[in-house]
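The values are calculated or read from the model by the stated rules, or taken from the named source; none is laboratory data. Bear in mind that the values here come from a model prediction, so they are computed numbers and not experimental data. Because the Cβ atoms are built from the backbone with ideal geometry, glycine has one as well, and the counts that use them run over all protein chains shown. Side chains are part of the model used for accessible areas, which takes the heavy atoms of the whole protein and leaves out ligands, DNA and RNA. Shrake-Rupley method; radii C 1.70, N 1.55, O 1.52, S 1.80 Å.
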Amino acid sequence: MKLSAAIDNATPELVAIRRDLHAHPELGLEEKRTSAFIARHLETLGYHVTTGLAKTGVVGTLTNGTGSRSIGIRADIDALPIHEETGLDYASRTPGLMHACGHDGHTAMLLGAARALAERRNFDGTVHLIFQPAEENFGGARIMVEEGLFEKFPCDAIFALHNEPALPFGQFALREGPVMAAVDEARITVHGRGGHGAEPQETADPIVCGASIVMALQSIVSRNIHPMDPAVITVGAFHGGSASNIIPERAEMVVGIRSFDAAVRDELERRIRTIAEAQAESYGMRATIDYERSYDATINHKKETDFVRDLAFRFAGVDKVIDLARPYMGSEDFAYMLKERPGTYFYLGAKATGEEKPLHHPGYDFNDGLLPIGAAFWTELAETYLARS
């Protein structure tokens, strides 16, 4: 069966799958219904199915021919703690949870490719379809790797994509090297001495000190980091006090940090700690810093990025493929898979009308028109990578 016919025949099913998943979102490491749904679907297609990796992860394995090569393709399956505001008839049935990032669509795409690969059997080797939990918050990719993902399912290369509502519909966007940032978080607590707002001289005001820290942090990227090294420091929250006539005992800031280079990452932490502690001391107070390193930077490999680019040229046409001028400052735990195996992470544009809501917006909805494109591309990618010699 021709690939186009196979995908066209499967598209109504893919839309139904995607909308069912959308209506039943589950948070990271809690995707029990989603996991069981995926496993049943793969089993009916003849895949060897493994469940329970990173609690709710699923891997479907299909071998054809005698080839020794293997490939991994990953889709993320978790939702977000956001209350949906789309008003769609298939909107989330779980208050406070929704698929606001398109993981329902990513999963449906890969299940579509699973069907086409099983029906066509037009490859020589082994395909591992990896349905990963907890991309959004808990680093499901890292957990899967730590639990032996690539020892149990050897992959010569690993691939993943993400829909992007800001890019034109059907456009492939790639980038060799850094494509997504490392993300860290610092919680800075200033310990002062509270009292009456009318007698500030009897207190040590942590809000004034905290404000000074906020302003001083702005100098790190502009004065301590090389201008050609991307970095972001965002004070996303500042909590302190309860009334205009009360000086509180403490104030807390929550700081988001983004970077790509390991040395820059270290310098950002060092300067944030130094500034917070020194500023507090200068006000006669003390600052404590809880610094947590989260996802590493996502770094694409050249050979696999070139492979996807060339395939995308043939699949969609040269005018539908771009190389990103700069990486995104968002983060992605696929980084941990790319640290273990060569591969690449790329984007598929979803903007058709210009009215699309961005990712993580309560009004976001995945563009179902991407389902046959993604399913067909994953099928061609696997078949080309594992082509018969």
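Protection proxy ranking of 69-78, 25-34, 86-95, 209-218, by the mean of other Cβ atoms within 10 Å over each peptide's residues and highest first, is 69-78, 25-34, 209-218, 86-95. From its DSSP helices (H runs of at least four residues, each -39,500 (n - 2.57)), the chain gives a residue-normalised ellipticity at 222 nm of -11500 deg cm²/dmol.
Taking the charge dipole of the chain about its Cα centre, with +1 at Lys and Arg Cβ atoms and -1 at Asp and Glu Cβ atoms, the residue from I7, A231, T288 reaching farthest to the positive side is I7. Shown here are the Rg and Dmax of the Cα trace of the chain, at 23.8, 83 Å. Within segment 350-370, find all residues whose amide N lies under 18 Å from a label point positioned 7 Å from the Cα of E85 along Cα-to-beta-carbon. Residues 355-366 fall inside that zone. Can you work out the PRE-style zone for H196? Point 7 Å along Cα to Cβ, and I want the residues of segment 229-259 with backbone N under 20 Å. The answer is 241-250, whose backbone nitrogens lie closer than 20 Å to the label point. Phi angles across segment 349-355 convert, under the Karplus curve 6.51 cos²θ - 1.76 cosθ + 1.60 with θ = phi - 60°, into 3J(HN,Hα) values of x, 10, 7, 10, 10, x, 9 Hz, Gly and Pro given as x. A convex hull fitted around the alpha carbon atoms of segment 51-148 yields 109 Å³ per residue.
For segment 119-251, with equal point scatterers placed on the C-alpha atoms only and solvent neglected, what are the log10 I(q)/I(0) values from the Debye formula at q = 0.12, 0.13, 0.15, 0.22 1/Å, to two decimals? Rounded to two decimals, the profile gives -0.81, -0.87, -0.98, -1.31. By definition, a body whose alpha carbon gyration tensor gives a ≥ b ≥ c is oblate when a/c is 1.5 or more and a/b is not larger than b/c, and segment 313-389 fits this oblate description. When a 1.4 Å probe is rolled over the protein heavy atoms, the share of accessible surface on the chain that falls to carbon and sulfur comes to 51 percent. A straight chain from S242 to K32 at 0.36 nm per residue would run longer than the Cα-Cα distance by 71.5 nm.
Suppose the chain between A262 and F150 were pulled fully straight at 0.36 nm per residue; how much longer would it get relative to their current alpha carbon spacing? In short, 37.9 nm is gained.
Taken one residue at a time, the phi angles of segment 234-239 give Karplus couplings (6.51, -1.76, 1.60, θ = phi - 60°) of 10, 7, x, 8, 9, 10 Hz. Gly and Pro are set to x. Each of R187 and A166 was given a label point 7 Å from its Cα along the Cα-to-Cβ line. The distance between the two points is 2.9 nm. Legend: distances between Cα atoms for K2/K152; K302/K339; K320/K351; K303/K357; pairs beyond 23 Å are K2/K152; K303/K357. For G57, the residues 5 or more places off, or on other chains, whose built amide H falls under 5 Å of its own are G52. Electrostatic tally near P358: other residues with Cβ closer than 11 Å to its Cβ, Lys and Arg +1, Asp and Glu -1, net 0. The residues of the chain have, on average, 42 Å² of accessible surface per residue, using a 1.4 Å probe with all protein chains present.
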